[in-house]
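**Q** Below you will find the structure I want to go over with you.
The values are calculated or read from the model by the stated rules, or taken from the named source; none is laboratory data. As the structure is a computational prediction, the values presented were derived from the model and not from experiment. Every residue, glycine as well, gets a Cβ built from its backbone with ideal geometry; the counts of neighbours run over all protein chains shown.
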Amino acid sequence: MFKRIGLELVHHAPFTAVGAVAGIIVMVIIYFFNAPREISNSLFYTLHPLHVVLSALVTASMYRMHNTKVKLWATILIGYTGSIGIATLSDIVIPYLGGGILNIPMEFHLPFIETEKMPYIGVAKWIVINAAAIIGIAIAIWKPTTRFPHMGHVLLSTWASLFSFTAFGIADWIPLLPFIFLFLFLSVWLPCCISDIIFPLLWVPGESAHEHTHH
């Protein structure tokens, strides 16, 4: 299992780095155009639910595709925990901790339990985020797949983490770009591999001895 973790991290590092570079470019654009925080806030609350959908889809699909005795309750529990838990870690907790390390004032929030309404659509945040997880799990139950959703998951996670910084933090971003790149990379690299691959396979008997592929 530890060998697999290492191989997956190495395999995903280049794509994650490209996503982080794209995030840095967007942050530069936001800075020079002096885009209001409301735009970043709206983009975060668009990308975060989409991230949850793809995370739930991939996590639940990985469990179902590698288990000969699939249990519906286990699919739901694994898909929900792996998506809500890891997406919160990736999009919110790590950027918040990164902001603390860089002395950036950051707001801490947990959208999956917040009762405030989402921008534009006027629905409570906890309803949207939890519904996103349910949608991803339902798709996995109907037609499990991992290859393209996993790539989308990594990219969406990178951008959601980026807008977490700009929506909930206040700073002179340009001098901090190298550090922001590092935190963007870390907020996606390890959590996404854990969510999409390691976590669901922990629940598959005997799977640790075998390799896997995305389908």
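**Q** Before we move on, is LYS125 touching a Lys or Arg at 6+ places or on another chain (Cβ under 9 Å) and under 15 Å from LEU47 (Cβ atoms)?
**A** yes
**Q** For ILE78, only one of the following conditions fails: (1) β-branched (Val, Ile, Thr); (2) under 20 Å from LEU43 (Cβ atoms); (3) touching a Pro at 6+ places or on another chain (Cβ under 6 Å). What is its number?
**A** (2)
**Q** Hey, could you check the stretch 167-207 for residues that are modelled with pLDDT of 85 or more and β-branched (Val, Ile, Thr) and say which is farthest from the chain's Cα centre (by Cα)?
**A** Once the filter is applied, the top-ranked residue is ILE174.
**Q** Cβ-Cβ distance below 9 Å, separation of 6 or more or different chains: which pairs start in the stretch 67-87 with a residue that is of a type in the set (D, E, K, R) and end on one that is surrounded by fewer than 18 Cβ atoms within 10 Å (Cβ to Cβ) and modelled with pLDDT under 85?
**A** Qualifying pairs under 9 Å: LYS69/PRO205.
**Q** OK, next. Mind listing whichever residues of the stretch 14-27 are surrounded by fewer than 13 Cβ atoms within 10 Å (Cβ to Cβ) and either over 20 Å from LEU186 (Cβ atoms) or not hydrophobic (A, V, I, L, M, F, W, C) (or both)?
**A** The one that is surrounded by fewer than 13 Cβ atoms within 10 Å (Cβ to Cβ) and either over 20 Å from LEU186 (Cβ atoms) or not hydrophobic (A, V, I, L, M, F, W, C) (or both): PRO14.
**Q** Name every residue in the stretch 28-55 that is surrounded by 14 or more Cβ atoms within 10 Å (Cβ to Cβ) and either hydroxyl-bearing (Ser, Thr, Tyr) or more than 27 Å from LYS117 (Cβ to Cβ) (or both), in order of residue number.
**A** Correct list: TYR31, SER40, SER42, TYR45, THR46, SER55.
**Q** Among the residues of the stretch 37-81, count how many are farther than 19 Å from VAL128 by Cβ, β-branched (Val, Ile, Thr), assigned to a helix (DSSP H, G or I) and over 17 Å from the mean Cα position of the chain (by Cα).
**A** 1
**Q** Within the stretch 145-166, is even one residue modelled with pLDDT under 95, assigned to a loop (DSSP other than H, G, I, E, B), in contact with a helix residue (DSSP H, G or I) (Cβ under 9 Å, 6 or more places away or on another chain) and closer than 24 Å to ILE76 by Cα?
**A** As a first pass, look at the stretch 145-166 and keep what is modelled with pLDDT under 95: 145-166.
From the residues that got through so far, the ones that are assigned to a loop (DSSP other than H, G, I, E, B) too are 145-146.
Of the ones still in play, those that are also in contact with a helix residue (DSSP H, G or I) (Cβ under 9 Å, 6 or more places away or on another chain) are 145-146.
In the following step, the residues that additionally are closer than 24 Å to ILE76 by Cα were identified as 145-146.
Yes, that holds for at least one residue.
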